[in-house]
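**Student:** Attaching a single structure in structure tokens format; questions to follow.
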Amino acid sequence: MKRILVAHALFPESFPTLNGFEIIKPQKSAFSSEELASLLPTCDAFISMFNTPVPAHLLSLGKNLKVVSNVGVGYNNIDVDAATRLGITVCNTPDVVTEPTAELTIALLLDMARGITRSHVAMQQKQEKWGVLENIGMDVYGKTLGIIGFGRIGKAVAKRALAMGMRIVYYSRTKQADAIEKEYQATYVSLEQLMKTSDFISLHTPLTSQTHHLIGKKELELCKPTAYLINTARGAVVHEEALIEALQQEKIAGAALDVYEFEPQVSDSLRCLTNVLLVPHIGTATRETRNHMAAMALQNVVEYFNGNPVRVVNP
Ligand code: NAP
């Protein structure tokens, strides 16, 4: 019998009873790091959530641990180098997160452009204004969207933005093939050019040592004062302090954030700003997607023990 430790409570329908596997899951929302440390030595597999810290010292407690399957496409929460050194396979859940994350990105973009949440809050507080020169936003149609990281989610965002009549420019380490650029009507530009010319800038890179603070003071100073930044990637891709300063000084028009550098800590100076739209990491938070992610993470473990490892990030 293989023992699978599951860090977080997940929807029950995504975890069927499986012959040959015992699933150890928390009674409440999540195991604490102390509970994980005491349970891990007796487990063969570990299903972590994208926000479960999985450092080297935790991995090293897993005497029988063979596989860590992360519920999430991003796996910056796991010390993958340490896992590789310890001979532990790490898997993730790509693809199923693409469409919901793109949907949230577009929802944030439209909300920022038209001040929907701001107007809603004003209405609830009976402080709305009705004048024709009040509540003025910005057209999205005809505007330039700069996409940083043109992978699965970046492309899914581009597809939706194209349907809204936006122009697409993108930056990644690699220029896409001509056929893909044609399909998305997307133009490859430098990061500097993207920051200078975009009306909306949307981040879709993984968090790695290369992308940590990819957007800092220097990059934000290149932006149009009317530009909006949207981050549904990972918080630390943006230097949060530099972003707060740019927003305070109105060097950019606003920012919509799903992710934070010190998540779940969100600084008061960010919360207090009027030119931000903040949500608590809800990119994949739909019942369908969270079910798909959990089922895929479990499948990764089962396939590993069937001798057919899939979605391995450290092959
Ligand atoms: P993906 O298909 O691997 O795309 C990532 C893109 O980033 C690639 O185009 C890659 O292209 C580019 N990239 C990597 N390193 C870069 C660098 N140093 N500079 C510039 N571009 C770089 O990944 P995905 O499925 O779209 O997911 C992207 C990220 O979104 C995930 O890693 C995760 O952190 C985040 N995410 C967040 C949520 C949420 O709930 N908010 C949900 C899902 C995913 P090159 O290699 O050519 O540079």
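**Student:** Among the residues of the range 214-230, is there at least one that is away from the ligand (no atom under 15 Å from the Cβ), aromatic (Phe, Trp, Tyr) and either buried (at least 23 other Cβ atoms within 10 Å of the Cβ) or under 21 Å from Ala255 (Cβ atoms) (or both)?
**Tutor:** Among the residues of the range 214-230, at least one is away from the ligand (no atom under 15 Å from the Cβ), aromatic (Phe, Trp, Tyr) and either buried (at least 23 other Cβ atoms within 10 Å of the Cβ) or under 21 Å from Ala255 (Cβ atoms) (or both), which makes the answer yes.
**Student:** Please tell me if Leu298 is farther than 21 Å from Lys196 by Cα, over 19 Å from the mean Cα position of the chain (by Cα) and outside any helix (DSSP H, G or I).
**Tutor:** no
**Student:** While we're on this one: Can you list the helices (runs of 4 or more DSSP H) found entirely within the range 145-204 that contain at least 1 residues being in contact with a Gly (Cβ under 7 Å, 6 or more places away or on another chain) and among the hydrophobic types (A, V, I, L, M, F, W, C)?
**Tutor:** In the range 145-204, 191-197 are the helices (runs of 4 or more DSSP H) which contain 1 or more residues that are in contact with a Gly (Cβ under 7 Å, 6 or more places away or on another chain) and among the hydrophobic types (A, V, I, L, M, F, W, C).
**Student:** Now for a different question. Tell me, yes or no, whether the range 216-230 has at least one residue that is of a type in the set (Ser, Thr, Tyr) and within 22 Å of Arg114 (Cβ to Cβ).
**Tutor:** Taking every residue of the range 216-230 in turn, at least one turns out to be of a type in the set (Ser, Thr, Tyr) and within 22 Å of Arg114 (Cβ to Cβ).
**Student:** Is there a residue being surrounded by fewer than 17 Cβ atoms within 10 Å (Cβ to Cβ) and not polar (S, T, N, Q) anywhere in the range 64-78?
**Tutor:** No; the residues of the range 64-78 include none that is surrounded by fewer than 17 Cβ atoms within 10 Å (Cβ to Cβ) and not polar (S, T, N, Q).
**Student:** I would also like to ask the following. For the range 267-282: of the residues being within 16 Å of the chain's Cα centre (by Cα) and part of a loop (DSSP other than H, G, I, E, B), which is nearest to Asp111 (Cα to Cα)?
**Tutor:** Filtering the range 267-282 for residues that are within 16 Å of the chain's Cα centre (by Cα) and part of a loop (DSSP other than H, G, I, E, B), the one nearest to Asp111 (Cα to Cα) comes out as Val279.
**Student:** A follow-up question, please. Can you confirm whether the range 49-68 contains a residue that is away from the ligand (no atom under 14 Å from the Cβ), closer than 13 Å to Asn314 by Cα and touching a residue at least 40 places away in the same chain (Cβ under 8 Å)?
**Tutor:** Scanning the range 49-68 turns up at least one residue that is away from the ligand (no atom under 14 Å from the Cβ), closer than 13 Å to Asn314 by Cα and touching a residue at least 40 places away in the same chain (Cβ under 8 Å).
**Student:** So which of Ala285, Ala255 ends up being part of a strand (DSSP E or B), within 16 Å of the ligand (Cβ to nearest atom) and at pLDDT 95 or above?
**Tutor:** That would be Ala255, the only listed residue that is part of a strand (DSSP E or B), within 16 Å of the ligand (Cβ to nearest atom) and at pLDDT 95 or above.
**Student:** Could you run through the range 73-106 and say how many residues are within 16 Å of the ligand (Cβ to nearest atom), out of contact with any helix residue (DSSP H, G or I) (no Cβ under 9 Å at 6 or more places or on another chain) and in a helix (DSSP H, G or I)?
**Tutor:** 2
**Student:** Still on this structure, I have one more. Search the range 183-199 for residues being within 13 Å of the ligand (Cβ to nearest atom) and closer than 18 Å to Ala163 by Cβ, and hand back the single one that is surrounded by the most Cβ atoms within 10 Å (Cβ to Cβ).
**Tutor:** If we take residues in the range 183-199 being within 13 Å of the ligand (Cβ to nearest atom) and closer than 18 Å to Ala163 by Cβ, then Ala186 is surrounded by the most Cβ atoms within 10 Å (Cβ to Cβ).
**Student:** Mind checking which pairs have a first residue in the range 213-224 that is acidic (Asp, Glu) and a second that is within 16 Å of the ligand (Cβ to nearest atom) and in a loop (DSSP other than H, G, I, E, B), Cβ under 9 Å, 6 or more apart or different chains?
**Tutor:** Glu219/His239
**Student:** Residues Gly149, Gly115: which one is closer than 23 Å to Leu214 by Cα and either surrounded by 15 or more Cβ atoms within 10 Å (Cβ to Cβ) or of a type in the set (A, V, I, L, M, F, W, C) (or both)?
**Tutor:** Sole residue among the options that is closer than 23 Å to Leu214 by Cα and either surrounded by 15 or more Cβ atoms within 10 Å (Cβ to Cβ) or of a type in the set (A, V, I, L, M, F, W, C) (or both): Gly149.
**Student:** Leu39: assigned to a helix (DSSP H, G or I) and within 16 Å of the ligand (Cβ to nearest atom), yes or no?
**Tutor:** Spelling it out, it is not the case that Leu39 is assigned to a helix (DSSP H, G or I) and within 16 Å of the ligand (Cβ to nearest atom).
**Student:** Ok, one more. Does Arg118 satisfy the criteria of being closer than 14 Å to Ile201 by Cα and away from the ligand (no atom under 16 Å from the Cβ)?
**Tutor:** It is false that Arg118 is closer than 14 Å to Ile201 by Cα and away from the ligand (no atom under 16 Å from the Cβ).
**Student:** Does at least one position in the range 223-242 carry a residue that is assigned by TED's automatic domain parsing to the domain that holds Leu145, part of a loop (DSSP other than H, G, I, E, B) and in contact with a helix residue (DSSP H, G or I) (Cβ under 6 Å, 6 or more places away or on another chain)?
**Tutor:** Checking the range 223-242: at least one residue is assigned by TED's automatic domain parsing to the domain that holds Leu145, part of a loop (DSSP other than H, G, I, E, B) and in contact with a helix residue (DSSP H, G or I) (Cβ under 6 Å, 6 or more places away or on another chain).
**Student:** Right, something else. So Ile136 passes all but one of these: (1) more than 15 Å from the ligand (Cβ to nearest atom); (2) closer than 21 Å to Val73 by Cα; (3) among the aliphatic types (A, V, I, L, M). Which condition number does it fail?
**Tutor:** (2)
The values are calculated or read from the model by the stated rules, or taken from the named source; none is laboratory data. Please read all numbers here as calculations on a predicted model, not as lab measurements. So basically every Cβ, Gly included, is an ideal-geometry build from the backbone, and we count neighbours across all protein chains shown.
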